[in-house]
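> I'd like to ask you about the structure that follows.
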Ligand code: UDP
């Protein structure tokens, strides 16, 4: 029996790539088979994927690009990633639906909170593409919005680091892993759980739990659902 009934999983675009390839299909299929096992535990799974393997809006200004256009390219990158992972999920035997915050009816359903909740409760995996649908936001803001709208029990931030640290461990060797922290304390201490505006939205709307842990071992996704206390617990 899983400890969370409905979760929203954030995967960064980087989690899908290796080396110079945009997609490492071995990794994509591995994540899909883990999501299958999450589903088989009876967990309802929504997914938000970034686009760091393809393009991030912040790369735009240095290429002398308009910031809005650069962010639109980033949002389109999230669609490509969602289509890719949805395909792998279907190959793994799941029913997967892509819903997009920017309408593109031939590729994805338009985002609709009530329809998405129904998909989840009927056992479909829902992939939320295009973040918030607006430039000057990140997919973390998309995570916060969808977590609130889907009334999830927990947000799973699967990262390339194993939790929230007191400081950036790459810059400060004395940084230590925080195991458990409230939204208020994390905000006061300026700790980076996700983008600041996204985090403020989670705090304000009392998202019941944000778990931050490493995706270096994809089985960690199952450990979190089985009740293991890996990574950092962030809560109201
Ligand atoms: N983006 C956006 N609005 C959103 C979500 C994403 O403009 O609501 C764009 C933004 O340019 C961002 C890119 O999409 O850089 C990819 O998202 P993100 O950087 O969060 O991807 P990740 O780092 O998680 O792979």
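Every number here is computed from the coordinates shown, using simple stated rules; none is lab data. Please read all numbers here as calculations on a predicted model, not as lab measurements. Here Cβ is always computed from backbone atoms with ideal geometry, including for glycine, and neighbour counts include all displayed protein chains.
> Given the Cα atoms of segment 159-236, and with Rh set as the inverse mean 1/r over their pairs in the Kirkwood sense, what is Rg to Rh to two decimals? Provide the component values of the computation, followed by the final result.
Working: Rg = 12.4 Å, Rh = 12.9 Å.
Checking Rg against Rh, the ratio lands at 0.96.
> Also, quick follow-up: For segment 45-113, what is the convex hull volume of the alpha-carbon atoms per residue, in Å³? Write out the running numbers ahead of the final one.
Working: hull volume 6.7 nm³, N = 69.
Enclosed volume per residue, from the Cα hull, is 97 Å³.
> If you don't mind, another one. Looking at the chain, what % of its DSSP beta bridges pair antiparallel, to the nearest 5? Let's see the in-between values first.
On the way: 6 of 35 bridges.
In the chain, approximately 15 percent of DSSP beta bridges are antiparallel ones.
> Within 10 Å of each residue's Cβ, count the other Cβ atoms and sort 21, 195 from fewest upward. Each step should come with its number before you reach the end.
Details: 21 11, 195 16.
Listed from fewest to most nearby Cβ atoms, that is 21, 195.
> Using helices alone, I'd like the mean residue ellipticity at 222 nm for the chain: each DSSP H run of four-plus residues gives -39500 (n - 2.57), total over residue count, nearest 500. Write out the running numbers ahead of the final one.
Working: 7 runs with 83 residues, N = 236.
That comes out to -11000 deg cm²/dmol.
> Let me ask something additional. Computed from the mean reciprocal separation of all distinct C-alpha pairs, what Kirkwood hydrodynamic radius does the chain have, in Å? Let's see the in-between values first.
Numbers: mean 1/r = 0.0561 Å⁻¹.
Taking every pair of different Cα atoms in the chain, averaging 1/r and inverting gives 17.8 Å.
> When every alpha-carbon pair in segment 93-198 is counted, what percent end up more than 24 Å apart? Don't jump to the answer; show the numbers that get you there.
Details: 2042 of 5565 pairs.
Percent of Cα pairs beyond 24 Å in segment 93-198: 37.
> Further, regarding this structure: Arranged by the count of other C-beta atoms within 10 angstrom, fewest first, what order do 107, 128, 199 take?
On the way: 107 13, 128 29, 199 23.
Listed from fewest to most nearby Cβ atoms, that is 107, 199, 128.
> Now for a separate question. Between segment 69-129 and segment 1-66, how far is it from one alpha carbon centroid to the other, in angstrom?
So the two Cα centres are separated by 12 Å.
> Now for a different question. Would you mind calculating the gained length between residue 114 and residue 91 on full extension (0.36 nm times residue separation, minus the Cα-Cα distance), in nm to one decimal?
Details: separation 23, 0.36 × 23 = 8.28 nm, distance 2.63 nm.
Length gained, residue 114 through residue 91: 5.7 nm.
> Let me ask another. Over the chain, what relative contact order in percent results from Cα pairs under 8 Å that are six or more residues apart? Display every interim value, and only then the final one.
Working: 475 pairs, mean separation 51.6, N = 236.
Averaging sequence separation for qualifying contacts and normalising by length gives 22 percent for the chain.
> Evaluate the relative contact order of segment 87-209 (contact order divided by residue number), counting alpha-carbon pairs under 8 angstrom at least 6 apart; express in whole percent. Numbers along the way, then the final one.
Details: 145 pairs, mean separation 24.8, N = 123.
Over segment 87-209, the number comes to 20 percent.
> Arrange 16, 8 by Cβ neighbour counts within 10 Å, fewest through most, would you?
On the way: 16 26, 8 30.
Placing the least packed residue first, the sequence is 16, 8.
> Right, here's the next one. Taking Cα pairs under 8 Å and at least six residues apart, what relative contact order does segment 25-136 come out at, in percent?
Over segment 25-136, the number comes to 32 percent.
> With the Cα gyration tensor of segment 11-95 in hand, give its eigenvalues times 5 under a square root as the equivalent ellipsoid semi-axes, listed largest first in whole angstrom. All intermediate terms of the calculation are to be shown ahead of the outcome.
On the way: eigenvalues 160, 34, 16 Å².
Equivalent ellipsoid of segment 11-95: 28, 13, 9 Å, largest first.
> Still on this model: What is the Å³ per residue value for the convex hull set by the Cα atoms of segment 155-198?
Details: hull volume 4.0 nm³, N = 44.
Spread over its residues, the Cα hull of segment 155-198 gives 90 Å³ apiece.
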